[in-house]
1. So residue 115 fits all but one of (1) surrounded by fewer than 16 Cβ atoms within 10 Å (Cβ to Cβ); (2) touching a helix residue (DSSP H, G or I) at 6+ places or on another chain (Cβ under 9 Å); what number is the exception?
2. Read through the list (1) within 14 Å of the chain's Cα centre (by Cα); (2) surrounded by 14 or more Cβ atoms within 10 Å (Cβ to Cβ), then give the number of the only condition that residue 90 fails.
3. Please tell me if residue 92 is out of contact with any strand residue (DSSP E or B) (no Cβ under 8 Å at 6 or more places or on another chain) and touching a residue at least 24 places away in the same chain (Cβ under 8 Å).
4. Is there a residue being under 29 Å from residue 125 (Cβ atoms), surrounded by 15 or more Cβ atoms within 10 Å (Cβ to Cβ) and under 13 Å from the mean Cα position of the chain (by Cα) anywhere in the stretch 56-68?
5. Taking the condition of being part of a helix (DSSP H, G or I) and touching a strand residue (DSSP E or B) at 6+ places or on another chain (Cβ under 8 Å), how many residues in the stretch 98-114 meet it?
6. Restricting the search to the stretch 1-28, which residues are buried (at least 16 other Cβ atoms within 10 Å of the Cβ) and more than 20 Å from residue 110 (Cβ to Cβ)?
7. List the residue pairs whose Cβ atoms are under 7 Å apart, where the first residue sits in the stretch 108-122 and is at pLDDT below 95, the second is surrounded by 16 or more Cβ atoms within 10 Å (Cβ to Cβ) and assigned to a loop (DSSP other than H, G, I, E, B), and the two are 6 or more positions apart or on different chains.
């Protein structure tokens, strides 16, 4: 599989998907289904880190794949953080803001896993301050 999906912490609050090589539509569909299953296994908010630095190509029907994800993602979806998003990825996210806003709302681009974790911690701290 060209996409590896796993829990990124023991608390099961972060899922990381690592994309590598030449990806088919089936790779994306399988990864989406796996993420959805994992997210539905817990009741709390789950943040997603998409590590996309090693992608060589993506399928032509990526917008259709985004709509598939948009229709399936559960309500406990937290931040969506993209590591290594090239200009094509950024363009698809911008288009997604129109066709799949729930999917792309809260999407950020960073350069490393450490930066992704920092962004999640910052988000959680800001939310705690807002509650106080």
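1. (2)
2. (2)
3. yes
4. Keep residues of the stretch 56-68 that are under 29 Å from residue 125 (Cβ atoms), which gives none.
Within the stretch 56-68, not a single residue is under 29 Å from residue 125 (Cβ atoms), surrounded by 15 or more Cβ atoms within 10 Å (Cβ to Cβ) and under 13 Å from the mean Cα position of the chain (by Cα).
5. Of the residues in the stretch 98-114, 4 are part of a helix (DSSP H, G or I) and touching a strand residue (DSSP E or B) at 6+ places or on another chain (Cβ under 8 Å).
6. Answer for the stretch 1-28, where residues must be buried (at least 16 other Cβ atoms within 10 Å of the Cβ) and more than 20 Å from residue 110 (Cβ to Cβ): 2, 23, 27, 28.
7. Going by the 7 Å Cβ cut-off, the qualifying pairs are 109/85.
The values are calculated or read from the model by the stated rules, or taken from the named source; none is laboratory data. Since the model is a prediction, treat every value here as computed from it, not as a measurement. When we count neighbours, we look across all protein chains shown, and the Cβ atoms used for this are built from the backbone with ideal geometry, even at glycine.
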